[in-house]
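The values are calculated or read from the model by the stated rules, or taken from the named source; none is laboratory data. Keep in mind it's a predicted model, so treat the numbers as computed, not measured. Every residue, glycine as well, gets a Cβ built from its backbone with ideal geometry; the counts of neighbours run over all protein chains shown. Accessible surface is based on the protein model in full, side chains and every heavy atom, while ligands, DNA and RNA are left aside. Shrake-Rupley method; radii C 1.70, N 1.55, O 1.52, S 1.80 Å.
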Amino acid sequence: MTSVEIEYCVPCGHRDRAQDLQAAILEEYGLQVDRVSLVTGDGGVFEVRVDGDGIFDIDEDEYDADAIVEGVGAYVN
């Protein structure tokens, strides 16, 4: 089953964004994902990994929650 990991920078205040993204992924895919884990980090990190593959990195990509959720779907479907 699909496992999603959202690593976010605690000092940067990305927790709310990470929680909102977690909720959006669970709302869209529900039981099709095994888990959506929040992983604390620092240094400005905000990365999303699906089954170990990076699908979003704030250092390289513009944040778009809908596009991230869609990216997760490529692994689910």
Restricting the search to region 54-65, which residues are without any contact (Cβ under 8 Å) to a residue 12 or more places away in the chain and within 14 Å of Tyr75 (Cβ to Cβ)? Gly54
Could you look through region 27-55, keep only residues that are open to solvent by less than 80 Å² (accessible area, probe 1.4 Å) and among the aliphatic types (A, V, I, L, M), and pick out the one that is nearest to the chain's Cα centre (by Cα)? Val48
Only one of these conditions is not met by Val76: (1) open to solvent by less than 20 Å² (accessible area, probe 1.4 Å); (2) in contact with a Ser or Thr (Cβ under 6 Å, 6 or more places away or on another chain); (3) of a type in the set (A, V, I, L, M, F, W, C). Which number is it? (1)
Pull up region 56-67, narrow it to residues that are part of a helix (DSSP H, G or I) and out of contact with any helix residue (DSSP H, G or I) (no Cβ under 6 Å at 6 or more places or on another chain), then point me to the one that is surrounded by the most Cβ atoms within 10 Å (Cβ to Cβ). Ala67
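Are any of the residues in region 62-73 within 14 Å of Met1 (Cα to Cα) and in contact with a strand residue (DSSP E or B) (Cβ under 7 Å, 6 or more places away or on another chain)? Write out each step before concluding.
Our first condition is that a residue be within 14 Å of Met1 (Cα to Cα); within region 62-73, this holds for 72-73.
Applying the additional criterion that residues be in contact with a strand residue (DSSP E or B) (Cβ under 7 Å, 6 or more places away or on another chain) yields 72.
Yes, region 62-73 contains a residue that is within 14 Å of Met1 (Cα to Cα) and in contact with a strand residue (DSSP E or B) (Cβ under 7 Å, 6 or more places away or on another chain).
Can you report the number of residues in region 15-26 which are touching a strand residue (DSSP E or B) at 6+ places or on another chain (Cβ under 8 Å) and either open to solvent by 40 Å² or more (accessible area, probe 1.4 Å) or small (Gly, Ala, Ser) (or both)?
Within region 15-26, the first condition is being touching a strand residue (DSSP E or B) at 6+ places or on another chain (Cβ under 8 Å), and the residues that meet it are 15, 17-19, 21-22, 25-26.
Still in the running and either open to solvent by 40 Å² or more (accessible area, probe 1.4 Å) or small (Gly, Ala, Ser) (or both): 15, 17-19, 22, 26.
The qualifying residues number 6.
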Cβ-Cβ below 7 Å, separation at least six or inter-chain, first residue in region 31-43 and closer than 11 Å to Val76 by Cβ, second surrounded by 12 or more Cβ atoms within 10 Å (Cβ to Cβ): which pairs? Gln32/Thr2; Gln32/Val76; Val33/Thr2; Val33/Val4; Val33/Ile25; Val33/Val76; Asp34/Thr2; Asp34/Ser3
